[in-house]
Structure formats: C-alpha cells, structure tokens
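A quick write-up on the structure given underneath.
The values are calculated or read from the model by the stated rules, or taken from the named source; none is laboratory data. Computed from a predicted structure; not experimentally measured. Counting neighbours? That spans all protein chains shown, and the Cβs are built from the backbone with ideal geometry, glycine included. For the accessible areas, the whole protein counts, side chains as well, though only heavy atoms, and no ligand, DNA or RNA atoms are used. Shrake-Rupley method; radii C 1.70, N 1.55, O 1.52, S 1.80 Å.
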Amino acid sequence: MKTTKAYRIALLFNGNKTFDREVISGIAAHLGGTRVAWDLFLEEDFRLRLSGMDRWQGDGVIADFDDPAVAKALTGCTVPVVAVGGSYASESAYPAGVPYVATDNHKLVKLARDHLIDVGLQRFAMFSLPEAQECRWAQERERAFRALMEDDRMEPEIFRGCETNAASWDAAVQGQIEWLRSLPKPVGVIAVTDARARQLLQACAIAGISVPEQVALIGIDNDPLVRMLTRIPLSSVIQGAHEMGRTAAHLLEQMLHGVRLANTRILVPPAGINVLASSRYQAVKHPHVMRACHYIRQYACQGIKTHQVAEYVGVSRSSLEVYFRQELGCSVHDMILRAKLDAAKAGLESGERSIADVALGCGFTSTQYMHLVFKRELGCTPRAWRDRALGERTTLSAA
C-alpha cells in the first residue's frame, strides 16, 4: 500500500490572539477534511517562534505577515510560504513573491459603519492605535474609515490615543474621556479591535457617558474573552479568520505539489456581526430614561430591581415607570429582563459555561426561572438556544 508523505509545516502565529487562533482552527479544519498529512511545528511560546527558523529543515510555512519580524525572518526562505494578514489599499504594500491571504479591512470597517447607520446614527468616529509597523492593519482600517466618510462628504474623526501600560494607564483613560466628551452626541464609534473597544467602554463608565444612547460602540474580532470583561455586552464584527486559515492551507497544499502561486492575493470578507447591547442605539430624549438605561446595562446581571434604578436616577419609581412607557413603550422591569436575557444568550452562545453558571452570572434567581424566561420570550429552552448557536457555528466552520 502506498503511504502518503507527511510534510513538515511551520505555523508562525501568536496563539494569544483571537485572530491567530481562528486562523489556526481554519488550517486544522482543512487538514481534517482532507487526506493531507502534515506534521505541524507550532511554538507554545509565541515569543520564540522565530528562533532557529533560518536553520529549520521543513517543507512549508504559513505565517502571520502582520508581524514585520516574521516577514523579515522569512525573506529568502527556500520552502513554500503562504502569508496571512490584513489587506492593503496599495498593491505595493504586499510582500513580493508570496501568496497572501488577507482579511478585507475595507469591508470590516464598512460593515461596522453600515450597522451604525442602520440603527439610526448620523455621526461616526474611529478609535485606533498609535502608528507602528506592528499594527499596519490598524492604519489600513483608518484609511478605509476615512475613505467611507469622505465619500459621504463627512469629516473623518479618528483618535489614536496612546499605548496602554501600567505607567500610562491613568493618562490613557483620561485622554479617551476627553476625546469622548468632545464628540457631538449621539455618535457611533468603531474601534479597530475589541480590546480598544473595551477600553472605551470603561472610559464611558468612568465619565458617566451612556452607552449606547450617547456613544454606540462596535469593535472588531468578536473576542469571547473581551465579552467576559465588559459590563455592557460588546457588539463586534466577526472576521473571516477561520476561512482564511482554510484558504491558506489549501494554497500551501497546492504549492507543495508544484503549483506556482507567487503574488496571489485572496481577500476574505467578514463573516458577519455579533450585535449586542453596546451598539443597539435607540433615540432616547428623556435624560432620566437615558440615565436609567445606562445603569441597567451595567448592573442588570447583578440582580438590580426597579426601585434601585429609580434611586440611582433620583426620581420616584412611579415617575420613572411613566417616563419609560412614554419613551420606550415598556417597563423598567422589562428593560432589566431584556438586558439579562441578552447577556444570557451571549453566555450560552460561547459554549464555555454551563447553563447553571450562565443563569447565576446573568442575575437570574434560578436555572428554572431562566428556562421560563427563555420559553416565554424566545420560544425555546436555554439548552436549545445554545445547541442551535453551536450547531450554526459548526456548520459555518465546515462550509
């Protein structure tokens, strides 16, 4: 019986990044769906991933070319290389002689902005990163945002802030607050990553800026870890990183069999948007309702009651109920329940926590009560909701 040759393939990615992990999962999906036999080199500590690459005797490489150190280390590499990274507006910015699978930065930003337009916003801004070789993709997203705004004859408002570390944290947050306060409200803000979006959510909370009534916020990455670290569930554009991994693996497989693909460019569009509370803007005029909604979105999962919301706002419970009926057509209790339900749906969709843990973490008094709410509001059980969400994800991954 003829045996299939096992190729030795290096994957040069930072496993600490959601994007890189999704790319790797796409590579794994390609391998699982074919008869390809690859022995994979994937360094556990990403900081060591380039050590000895000039002496590595392998058959091929798939690498994150957003990292300039990786691109430099693979210059002149004698084995087939497939690059993965962000797209560029200029063809000359791509590495020469290497097939390149890119996330479409223009479409990522356009999808985020279109969503903010769809919820009724007319002013937009972007929170980016300081300019650096390591985050050229962020500057490409700025360029895309600037082009979209100029097409609509609007002034592009872009704030880069500063890099955050322990020493600069207070100054960084204060700079974000000052910028947010300077923006005309209401405004939709696109953050170049979920991590940057999380920082803005914290800045809004410190400054008492209502999200999404004054600032509607959307990130990019759909990072489950970031969602767990935010009081207000964060909307995010889902990159097509899984499909990028599958595509990159397919290209490398062809190259291993002699196909020449130098300078091939494949742009992968975003997979969609995970719309959560941070961008669900509604035009709310009454300041008491706006303040109450802001409080509810932050603390609904801690089991707050209507009277606590009224105390925070500084009005009677009956008056607040009247304002809510007039503005939103629902009660304060309805809004609290809606916020808890949104958090529970997000928790179940991640598949990382038990139903009991989700119920407890989202402020439901018991698993049975969450079950009752799901049946009444969504027509299904929490388990059915989770199974359907995970099933859709599996189907998308296999597509």
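A compact table of results
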read-out: Radius of gyration and Dmax over the Cα atoms of the range 222-298, both given in Å; value: 20.8, 68
read-out: Listed peptides 167-174, 351-358 by packing density, highest first (mean Cβ within 10 Å); value: 351-358, 167-174
read-out: For the range 111-165 versus the range 289-311, the gap between their alpha-carbon centres in whole angstrom; value: 31
read-out: Contour minus Cα-Cα distance for Glu311 and Ser90 (0.36 nm per residue); value: 74.0 nm
read-out: For the range 121-243, average projected area of the Cα convex hull in nm²; value: 8.1
read-out: Along each principal axis, Cα extent of the range 153-201, largest first, Å; value: 39, 20, 16
read-out: Accessible area (Å², 1.4 Å probe, nearest 10) - Glu91; value: 110
read-out: Contour minus Cα-Cα distance for Ser168 and Thr75 (0.36 nm per residue); value: 29.9 nm
read-out: Nitroxide proxy distance, nm - points 7 Å out along Cα→Cβ at Asp114 and Lys375; value: 3.9
read-out: Fraction in percent of alpha-carbon pairs per bin - 10 Å, the range 274-379; value: 15, 45, 31, 9, 0
read-out: Surface/4 of the Cα convex hull for the range 287-326, nm²; value: 2.5
read-out: Over the range 28-96: Kirkwood hydrodynamic radius from C-alpha pairwise inverse distances, Å; value: 13.8
read-out: Inter-centroid distance (Cα atoms) of the range 1-43 relative to the range 198-234, Å; value: 34
read-out: Anisotropy class of the range 302-343 from Cα gyration tensor, a/c 1.5 cut; value: oblate
read-out: Of the DSSP H helices in the chain, those whose Cα atoms cover at least 15 Å axially and whose Kyte score averages 0.0 or more; value: 18-32, 194-207, 332-350
read-out: Relative contact order (percent, whole number), the chain, Cα cutoff 8 Å, 6+ residue spacing; value: 16
read-out: Cα→Cβ-extended label distance, 7 Å offset, between Ser25 and Arg181, nm; value: 4.1
read-out: Fraction of beta bridges assigned by DSSP in the chain that are antiparallel (%, nearest 5); value: 10
read-out: Spin-label zone in the range 229-246 - amide nitrogen under 13 Å from a point set 7 Å from the Cα of Gln202 along the C-beta vector; value: 229-231
read-out: Distance between modelled label sites at Leu360 and Ser319, nm, 7 Å Cα→Cβ extension; value: 4.0
read-out: Scattering profile of the chain at q = 0.09, 0.11, 0.12, 0.13 Å⁻¹ [log10 I(q)/I(0), Debye over alpha-carbon scatterers]; value: -0.61, -0.88, -1.01, -1.13
